[in-house]
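The values are calculated or read from the model by the stated rules, or taken from the named source; none is laboratory data. Just so we're clear, the structure is a prediction, and the values are computed from it rather than from any experiment. A quick note on method: Cβ atoms are made from the backbone with ideal geometry, for glycine too, and the neighbour counts reach across all protein chains shown. Side chains included, ligands, DNA and RNA excluded: accessible areas come from the protein's heavy atoms. Shrake-Rupley method; radii C 1.70, N 1.55, O 1.52, S 1.80 Å.
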Amino acid sequence: MLAEVWNERFFYFALKWDLNFVDNQDKAAASARIRLTWRTRSAMNITFVDEKGEKQNPLILHCSPSGAIERDIYALLEKAYREQLAGKAPMLPLWLHQRKFG
């Protein structure tokens, strides 16, 4: 788990957590990510009215616990490759199987 916090706003997020794993090439790869963002709220005109009746722009919690679909497929391919290196038959999960009918 990697947590990053910046004093200056040079990203569109202020705080970021990444869950990383090491792939078969000994490189770090991010799988899950959580961010607190502030730029997208004004770009998307997201507001709320606070208890004083004033318009406010909220912080946005961007949460992708499984990452993106390409990160998930990447992790599955990495696992299959490790199985192959261990002498096992590399397999993807059954739910990825596509069956043609007719």
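So here's what we get for this one:
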| read-out | value |
| --- | --- |
| Flag for Ala32 being modelled with pLDDT of 75 or more and either within 30 Å of Ala80 (Cα to Cα) or open to solvent by less than 60 Å² (accessible area, probe 1.4 Å) (or both) | yes |
| Every pair of residues 6+ apart whose Cβ atoms lie under 7 Å, when the first sits in the range 56-85 and is open to solvent by 60 Å² or more (accessible area, probe 1.4 Å) and at pLDDT below 90 while the second is of a type in the set (Ser, Thr, Tyr) and assigned to a helix (DSSP H, G or I) | Asn57/Ser42 |
| Meets criteria (open to solvent by less than 90 Å² (accessible area, probe 1.4 Å), modelled with pLDDT under 75 and either among the hydroxyl-bearing types (Ser, Thr, Tyr) or touching a Pro at 6+ places or on another chain (Cβ under 9 Å) (or both)) for Thr47 | no |
